[in-house]
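The structure under discussion appears below in the form of structure tokens.
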Amino acid sequence: MLKGKLKLPDKARKAFPDRLGSLVAGFDYKDEEHEGLRSVFEFEEELETFQPNGLGSDRESTDHNDGGDGLVDKKMHGVGESDFRFRKRPDRDPSGSVSVVEAIAADEKRSDLQHELSQPEINLEKLQRVATTGLPDGGGLRATTWKLLLGYLPPSRDLWEKEQMENRQKYAKLKEELLLNPSEVTRKTDGALSSNNQPADNDADGPLKRHEISQEDHPLSLGKGSVWHQYFQHTEIAEQIDRDLQRTHPDLKFFSVDSSFGRKNRDAMRNILLLFAKLNPEIRYVQGMNEVLAPIFYVFSIDTDEQNAANAEADSFCCFVRLLSDSVDHFCQQLDNSSVGILSTLSRLTELLKANDEELWRHLEFTTKVKPQYYAFRWITLLLTQEFNFQSIMRIWDSLLSNPFGVQDMLLRLCCAMLLCVKSRLLSGDFVANMKLLQHYPDINIEHLIQFLSTKFSMNTVHYTGQDLDMYL
């Protein structure tokens, strides 16, 4: 486990459960109403590309309607397989035009943020207020702010270098211990011993001595204590990670396997996910974790501070663990029906919608019977990373990470607002139409969505007082 290895918040230190449910929409708990839902959806869809502000593609967006991995295994209520394709990220407006007023506002925000981050003691409350309105791109400001919001960096600037150095060294040691195969470890150990213990007689002749190999060190050993047995146990996990990374923003140059730069980034993400799996044998790797890791690793890798960018892998691992610890209970099948399980969170979303728009709640819950398990499971577990394009994801995460009540609180507000945004369409739709709409959420003005949250949702009552948000689509 991670305890004792890296500095983590209390929740991240706790013992994880023995089994982890799928990140894919659906459940496998025993309630008759929801029996078999965990196995309904597959997480295989390759996503569309887009070209936001330099994250561009070498290829045009392709048509994904040729079948493939993103189809569901079953039909529900007469809905065909093609109706349940996973969310494709919409293309962003290529014009990228910014008004003079917006440019001036962005410069002012950048100056304010730079000033705040230069203080000897960071005011986290003020930083949260700035971040929730969106962080400027470039300059490493988002990377530093995210690290502070996730608790990786302490408020005191004087401690930043020490904390980062310690965690980076620990990560390097963990990689050396857990990611090298046993032969490489043995050769490295023997090389170190031979360099420290030179033989007294360098001219000694005679037959070579057979190197003694213990049962635990033999590659064919099936013993649970065998280092080789443990190594081979993770081969299947590594292969799953490799398959998922192939589908992680494949048309973005940063992640593309068509360049050495992209392959290097994928290798670093592979190390992070595989190391997490080995340190957490009760959880291991869950399909979809690659999507949660991608924004963190990208933001840290483009930091203008060369030393920080060079250590993006280590920093991303530490922050990935912190972010995941806030929602790890959602992924545990045994906890589905508990107060911390995914069903409890989905129930909170339902109650939030009911409190803010009972008409829409009744239509979804009773008229069309579109349960949140069918669409919001993915929204919540993957932190909306499959509902919007990459640039929008980073903007959404600025608000998620800066919420003083926690990521999950803000996430539920966003999910509720997303439903309210398409209220008129949902009210006029049946089960099939509404499922297609929510599984392929339409492109939306993210700034308007977040502004709606801040003006229409009270932080205490979280009550919707406005009108339908279809105007923002």
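What follows is calculated from the coordinates using simple rules that are stated; it is not laboratory data. Computed from a prediction, not measured in an experiment: that's the story for all the values here. Reconstructed Cβ throughout: ideal geometry from the backbone, glycine too, with neighbour counts over all protein chains shown.
At a glance:
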read-out	value
Near-label residues of the stretch 313-344 by backbone N, under 19 Å of a point 7 Å along Cα→Cβ of Glu282	321-343
Largest to smallest principal axis extent of the C-alpha atoms in the stretch 103-145, angstrom	29, 18, 16
Separation of the His448 and Thr133 label points, Cα + 7 Å toward Cβ, nm	2.1
Exposure proxy order (Cβ contacts within 10 Å, fewest to most) of Arg243, Arg142	Arg243, Arg142
Neighbour-count ranking [beta-carbon atoms within 10 angstrom, fewest first] of His115, His249, His363, His330	His115, His363, His330, His249
Extension reserve of the Ser156-Asn337 stretch, reckoned as 0.36 nm per residue once the Cα distance is removed	61.1 nm
Net charge, Ile237 excluded, C-beta distance under 9 Å - Lys, Arg +1, Asp, Glu -1	0
Cross-link pairs Lys109/Lys147; Lys109/Lys264; Lys109/Lys423; Lys278/Lys371; Lys264/Lys436; Lys253/Lys371 - those with Cα-Cα distance over 28 Å	Lys109/Lys264; Lys109/Lys423; Lys278/Lys371; Lys264/Lys436; Lys253/Lys371
Zone of Met165's modelled label, taken as backbone nitrogen in the stretch 294-329 under 18 Å from a point 7 Å along Cα→Cβ	306-312, 314-315
Pair Leu437, Glu351: separation of 7 Å Cα→Cβ label points (nm)	2.6
Segment Lys173-Phe261, length gained on full extension (0.36 nm per residue, minus Cα span)	29.2 nm
Rounded to the nearest 20 debye, dipole of the stretch 236-329 from Cβ charges on Lys, Arg, Asp, Glu	200
Among Thr235, Phe297, Leu323 the positive-end extreme of the charge dipole of the stretch 224-381 (Cβ point charges)	Thr235
